[in-house]
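Only one structure is covered here, and it is reproduced in the block below.
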Amino acid sequence: MHLGQFVGMAIIVFGLVALSLALDPPPGAGLWLSRMGVVAAGGALTLYAVLQAVDGVALKQTVDAWASAGEADRPVRFAAAETVRWLEWAVRSYQSFVFGLALILIGVSIAVVVGRVPRAVGYLMALSGLCYLAQGWIIGTRGFSSANQVPTLLGIVVVLAWSLWLFIVAIRRKASAPQ
C-alpha cells in the first residue's frame, strides 16, 4: 500500500517536471520560477519517501510491538508508537508545505509568464498549492484532524480541474499541430 502511494506521488512529481520542461519558459522570472518549482517538487518527493517509510515501516513495527507486548511493557511501547505517529505528522506537514510550494511556483510560472497554457490553469495550480499549504499547517498544528477535510477536498477538486484542463489543452495542441 505505501509503496503504491509513493509510486503515485512519483508519477505526479515526474509529471510536474515534464510539464515544466515542456513549457520551456524564456530566460527570466518564468524560467527561475519553473526551476525552483522543479527543485521543490523533488524535495516533496523525497519527503514523501520518508513519510512512507515512517508510516509504512516504523509505525507498523512500533504498533506491532505494542500489540504483542506484555502488560508491563505496554505503556512504554504505546509511548513509542505515539512518538512515531507524531513524527509522521511532522513529515507529512513539511511534505505538504514543500509540495504546495512546488505547485505555486510552477502555477505562477504558467499564469504570469509562459503563455503556452491558459493562465487560468496556472492560477488553479497555484490555488491547489495553497490548499496543500493549508493542509501542512493544519497537520503540523493539530495532527490528522477533521479540520483538514475542507482544504484536502478542495485541493483534490482543484488538482483534478487543472489536470483535466491541461490534458485537454495537450490533446488540442496535438490535433492542431502540422503533421
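Coordinate-derived values only; no laboratory data. Computed from a predicted structure; not experimentally measured. Cβ atoms come from the backbone with ideal geometry, glycine included; neighbour counts cover every protein chain shown.
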What's the extension gain from LEU160 to ARG35 if we count 0.36 nm per residue and subtract their Cα-Cα distance? 42.7 nm
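Determine, for each peptide in 125-131, 98-104, 88-94, 3-9, the mean count of other beta carbons within 10 angstrom over its residues, then list the peptides with the highest first. The partial results should precede the final answer.
Numbers: 125-131: 23.0, 98-104: 25.3, 88-94: 19.4, 3-9: 13.0.
Going by the mean number of other Cβ atoms within 10 Å, highest first, we get 98-104, 125-131, 88-94, 3-9.
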Note down the nm distance, to one decimal, between modelled labels 7 Å out along Cα→Cβ at ALA90 and at ALA120. 4.3 nm
Share of Cα-Cα pairs in region 2-176 lying beyond 22 Å, as whole percent: 50 percent
Taking the chain and counting helices only, DSSP H stretches of n ≥ 4 at -39,500 (n - 2.57) each over all residues, the nearest-500 ellipticity at 222 nm comes to -28000 deg cm²/dmol
Multiplying the sequence separation of VAL57 and VAL169 by 0.36 nm and subtracting their Cα-Cα distance, what value in nm do you get? 36.3 nm
Could you give the size of the charge dipole of the chain about its Cα centre, using +1 on the Cβ of each K and R and -1 on the Cβ of each D and E, expressed in debye and rounded to the nearest 20? 660 debye
Sorted by average packing, counted as other Cβ atoms within 10 angstrom per residue and highest first, what order do 107-113, 78-84 take? 107-113, 78-84
Hz values of 3J(HN,Hα) by residue in region 13-27 - Karplus curve (6.51, -1.76, 1.60), Gly and Pro given as x: 5, 4, x, 5, 5, 4, 4, 4, 5, 5, 5, 6, x, x, x
Relative packing of peptides 68-74, 166-172 - highest average C-beta neighbours within 10 Å first: 166-172, 68-74
Which Cα, out of LEU31, HIS2, LEU133, lies furthest along the positive dipole direction of the chain (beta carbon charges, K/R +1, D/E -1)? LEU31
Which FRET efficiency, nearest 0.05, do ASP73 and VAL150 yield, Cβ-Cβ r, R0 41 Å? 0.55
